[in-house]
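To keep things clear, I will list the structure first and then write my remarks on it.
The values are calculated or read from the model by the stated rules, or taken from the named source; none is laboratory data. Quantities reported herein were computed from a predicted structural model and do not represent experimental measurements. We place every Cβ from the backbone using ideal geometry, glycine too, and count neighbours over all the protein chains shown. All accessible areas refer to the heavy atoms of the entire protein, side chains included, with ligands and DNA or RNA removed. Shrake-Rupley method; radii C 1.70, N 1.55, O 1.52, S 1.80 Å.
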Amino acid sequence: MKKLGRKFLETLPAILLFAGLIVVWELATTVFGVREYLLPGPATVLEAMFSGEINWAGHIWVTGLAIFGAFIIAAVSGVLLGTLIAWSSVLGRALMPFLVFVNTLPKVAVAPLFLLWLGYGIVPNMMIGALIGFFPVVINTAVGLSQIDDDMVDLGRVFNAPKWKVFAKIRIPNAYPYILSALKVTATAAVVGAIVGEFVASQNGLGYVIITSQSSMNTPLAFGALIWISILGLVLFGAVAVLSRVLAPWAEGREQ
Amino acid sequence: MTGRAKMDMRLARQSIELDRVGMTYETGSGPVEALRDITLSVREGEFVSLVGPSGCGKSTLLRVVAGLRPMTSGSVVVDGAPVVRPIPKVGMVFQAAVLLKWRTVLDNVLLPAELAGLRPARYRERAHELLKLTGLEDFAGKRPSELSGGMQQRVSLCRALLLDPPLLLMDEPFGALDAMTRDEMNLELLRVWGEAGAGAGERKTILFVTHSIPEAVFLSDRIVVMSPRPGRIAGIFDVALPRPRTVETRATAEFGQYSLDIYDLLTGRQSNTPAMAGRRAPA
């Protein structure tokens, strides 16, 4: 109970700032009479978020799926590539320049090509999100797998431990905190990628809602979609944070 | 004990046999000679320390004995077998405890069994025994981060002892501890080694690297003093202090004299007191 109280006190400044901003926002729109198509007030936005005017659940589902898919593809391919790089120095030397090249590409500019190759729909949006998000996972996995004390490596050699066993017992758990902190970045990148894909071409999804409501000057709808997107992002980010607390409790407090 | 009796014992059974070991490794700015002409015999159950300034190759020598680094000339024989690859029957303790921070103390101690492909379940009892021996029985389920530096190093010692290796290689194991903990760990190491118990035949052979002269004098049967660039043996001291050694041992005149002799040899200082008997010229 006491702990809960302290936790509340710790988060109080953030809550106050947030509430204050909403009040200022509301006042700005009512007192100064800012027009709704420029800046709708919080109450209007909240109303738009739940209005029956469009199929919110459907759009949220489509975008959520694209974000989740992008995250999973980025995480799996990133961990696999990072492991390959750490496993074999030859593979590492072969892969790294190529990966760096891919990473320097402006991924947003590649989006139209993905649509060309993969057709319209959810798959290209996932791929764009994955492309933006996978690189930090590759790098952090490779680094985490190789950041082992030299003495620990010697310990493995003394017992003639096979390479896979050293990976399974020492290197991979050692890489958990590195991988998980990269996944937090990837969670955000997946959101960006999915929305960019929907901006370029789509029939549904929250990105599509923003584009269409902007052209029809329905700004409250655009704001509503924006907030739904950030909620999806927060959920994914929170899930990764919980995962890292479960998988790597020893790294808690070291990075945040 | 007379020098002759000592010689006889040494002939009885050799644990480590270094014959003109040399090691040169390549760096960006050319070859560096790390070790030159190291000849040394360590008998079974003997406690031998390697002392010297940093850069004298004492840690490298330890790893050469373990087969972790290749020598470029000479030969190393451990337990009758020439060392050409990492030798399995060895326990290693390093300056850092290098524990796996996601594992409990008990699981850290059990790591060698897992790495060596043995069934860890069969070693649980032994692991608990070792933890008890080092006063850590209540910490078996704790994570390393919950332990003090001295306790972590005890865990690392338990881990090295798990598979009951006949040879312990210790690389400045207490170098990172504060002076008081270090003295305490010295006593503890001697106790675990079995100083007070059975004869030398049942003790483990220990090769111990340190840069602390008093630590070497307190622990060792023999001290190998090394000089740097390239690392070679400057002299070997027999330490005839009686065992078991206690806190009082440090206060004796003999202890002080050994320390001084080694200090003189290391620094090239001219001593005005007669050296203790037992010092021998390099082989």
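If B:Leu62 satisfies all but one of (1) over 24 Å from B:Ile262 (Cα atoms); (2) outside any strand (DSSP E or B), what's the number of the condition it fails?
The number of the failed condition is (1).
All but one of (1) of a type outside the set (D, E, K, R); (2) under 15 Å from A:Phe159 (Cα atoms); (3) touching a residue at least 24 places away in the same chain (Cβ under 8 Å) hold for B:Val105; state the number of the condition that does not hold.
The failed condition is (2).
Based on what the data block shows, is A:Ser244 open to solvent by 50 Å² or more (accessible area, probe 1.4 Å) and at negative phi?
Details: open to solvent by 50 Å² or more (accessible area, probe 1.4 Å): no; at negative phi: yes.
No.
Return yes when B:Ser156 is open to solvent by 70 Å² or more (accessible area, probe 1.4 Å), within 13 Å of chain A (Cβ to nearest Cβ) and not aromatic (Phe, Trp, Tyr) and no when it is not. Before you say what the answer is, go through the steps one by one.
Numbers: open to solvent by 70 Å² or more (accessible area, probe 1.4 Å): no; within 13 Å of chain A (Cβ to nearest Cβ): yes; not aromatic (Phe, Trp, Tyr): yes.
Here the answer is no, as B:Ser156 does not meet what is asked.
Would you check which residues across segment B:41-57 are open to solvent by less than 10 Å² (accessible area, probe 1.4 Å) and either closer than 21 Å to B:Phe218 by Cα or touching a Phe, Trp or Tyr at 6+ places or on another chain (Cβ under 8 Å) (or both) and list them?
Correct list: B:Val42, B:Gly45, B:Glu46, B:Phe47, B:Val48, B:Ser49, B:Leu50, B:Val51, B:Gly52.
Here is a list of conditions, (1) open to solvent by 60 Å² or more (accessible area, probe 1.4 Å); (2) assigned to a helix (DSSP H, G or I); (3) not aromatic (Phe, Trp, Tyr), and A:Gly5 meets all of them except one; can you say which number that is?
(1)
Being over 25 Å from B:Arg159 (Cα atoms) and among the small types (Gly, Ala, Ser): is that true of B:Ser59 here? So that I can check it myself, show each step before the final result.
Working: over 25 Å from B:Arg159 (Cα atoms): no; among the small types (Gly, Ala, Ser): yes.
Answer is no for this residue.
So A:Thr44 fits all but one of (1) exposed (fewer than 13 other Cβ atoms within 10 Å of the Cβ); (2) over 25 Å from A:Gly129 (Cα atoms); what number is the exception?
Among (1) exposed (fewer than 13 other Cβ atoms within 10 Å of the Cβ); (2) over 25 Å from A:Gly129 (Cα atoms), the lone unmet condition for A:Thr44 is (1).
Looking at segment B:204-237, which of its residues are under 21 Å from B:Val247 (Cβ atoms) and open to solvent by 10 Å² or more (accessible area, probe 1.4 Å)?
From segment B:204-237, those under 21 Å from B:Val247 (Cβ atoms) are B:206, B:208, B:210, B:212-221, B:223; that's our starting set.
Of everything in segment B:204-237, those that are under 21 Å from B:Val247 (Cβ atoms) and open to solvent by 10 Å² or more (accessible area, probe 1.4 Å) turn out to be B:Ser212, B:Ile213, B:Pro214, B:Asp221.
Among the candidates A:Val108, A:Val123, A:Val138, single out the residue that is away from chain B (no Cβ under 12 Å), part of a helix (DSSP H, G or I) and modelled with pLDDT of 90 or more.
Exactly one of A:Val108, A:Val123, A:Val138 is away from chain B (no Cβ under 12 Å), part of a helix (DSSP H, G or I) and modelled with pLDDT of 90 or more, namely A:Val138.
Can you pull out every residue in segment B:83-103 that is under 22 Å from B:Ser49 (Cα atoms) and away from every other protein chain (no Cβ under 11 Å)?
Residue satisfying the conditions is B:Val83 alone.
In this structure, does A:Pro13 turn out to be open to solvent by less than 100 Å² (accessible area, probe 1.4 Å) and either touching a helix residue (DSSP H, G or I) at 6+ places or on another chain (Cβ under 7 Å) or outside any helix (DSSP H, G or I) (or both)? Explain how you work it out, then say what you get.
On the way: open to solvent by less than 100 Å² (accessible area, probe 1.4 Å): yes; either touching a helix residue (DSSP H, G or I) at 6+ places or on another chain (Cβ under 7 Å) or outside any helix (DSSP H, G or I) (or both): no.
When the stated conditions are applied, A:Pro13 does not pass them.
Considering segment B:87-131 alone, what residues qualify as being under 26 Å from B:Glu26 (Cβ atoms) and open to solvent by 20 Å² or more (accessible area, probe 1.4 Å)?
Filtering segment B:87-131 down to residues under 26 Å from B:Glu26 (Cβ atoms) leaves B:87, B:92, B:94-95.
Passing the criteria: B:Ile87, B:Gln95.
Which of the residues belonging to segment B:104-146 are assigned to a loop (DSSP other than H, G, I, E, B) and within 8 Å of chain A (Cβ to nearest Cβ)?
Answer for segment B:104-146, where residues must be assigned to a loop (DSSP other than H, G, I, E, B) and within 8 Å of chain A (Cβ to nearest Cβ): B:Ala116, B:Gly117, B:Arg143.
If A:Phe223 satisfies all but one of (1) open to solvent by less than 60 Å² (accessible area, probe 1.4 Å); (2) within 14 Å of chain B (Cβ to nearest Cβ); (3) aromatic (Phe, Trp, Tyr), what's the number of the condition it fails?
(2)
Restricting to segment A:159-175, and then to whatever is of a type in the set (A, V, I, L, M, F, W, C), touching a Leu at 6+ places or on another chain (Cβ under 7 Å) and farther than 15 Å from A:Ala75 by Cβ, can you tell me which residue is farthest from the other protein chains (Cβ to nearest Cβ)?
A:Ile170
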